């Protein structure tokens, strides 16, 4: 089983954080020390300890051992904007080397690291850094979270094609039910299973208040 994962989505709101936290709990259920990482997060709140992002905090809560926040989320950007714009507004340069160093520290403390990306696969991290650059540098297999809504077939196939074109490995995909009223949900999932070039690692049912520790049972870890 891989000791590192990169979680991307078909778009913003696909359910990456819930899937990442569920994956962390699934790894821990196998007796592994598993920690999360949110390299770049925009949309943070100021706290006495510094800027904090809700998704990053959810990853920390799902991790064991709990990582240092500075390693979990090296670039915490205040404004809820695309990371490149949020970094510009904050006067911060998002670079690759601090991310590599933070990952190395996390990996030294854990058996597995789950890295959650931003938005969809093609969303840039900075003017000079794409998500593919981080994935290549860390040799991270990619898990695609497919937000199950109208249009997901197109978004999922385009994302899978882009991941392959960027020379990265698509390890598998997770169906994330984000629209409780989606028509033909099971049929759409079956179509995805036929057309995506990687196995389905599980599906996460819709919930108003999703509990990652419960949803972990819906995932099948790759061996």
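Every read-out reported here was derived from the displayed coordinates using simple, explicitly stated rules and does not represent laboratory data. A quick note: this is a predicted structure, and the numbers were derived from the prediction, not measured. No Cβ is skipped: glycine too gets one built from the backbone with ideal geometry, and neighbour counts run over all protein chains shown.
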Packing-based ranking, highest mean first, of 126-139, 145-158, 18-31, 184-197 given that Cβ atoms within 10 Å are counted: 18-31, 145-158, 126-139, 184-197
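Viscosity 0.692 mPa s, temperature 37 °C: Stokes-Einstein D of the stretch 38-155 from its Kirkwood Cα radius, in µm² per second? Before the final figure, lay out the partial values.
Values: Rh = 15.0 Å.
Answer, rounded: 219 µm²/s.
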Value in Å of the Kirkwood radius, where the stretch 4-218 supplies the Cα pairs that are averaged: 17.2 Å
Inter-part distance where the stretch 73-92 and the stretch 139-215 are each reduced to a Cα centre, Å: 27 Å
Net lengthening on full extension, residue 93/residue 108 (0.36 nm per residue, minus Cα-Cα): 2.8 nm
Theoretical FRET efficiency, 1/(1+(r/R0)^6), r = Cβ-Cβ of residue 195 and residue 3, R0 35 Å, to 0.05: 0.75
Helix-only [θ]222 nm of the chain, DSSP H runs n ≥ 4, -39500 (n - 2.57) each, per residue, nearest 500: -11000 deg cm²/dmol
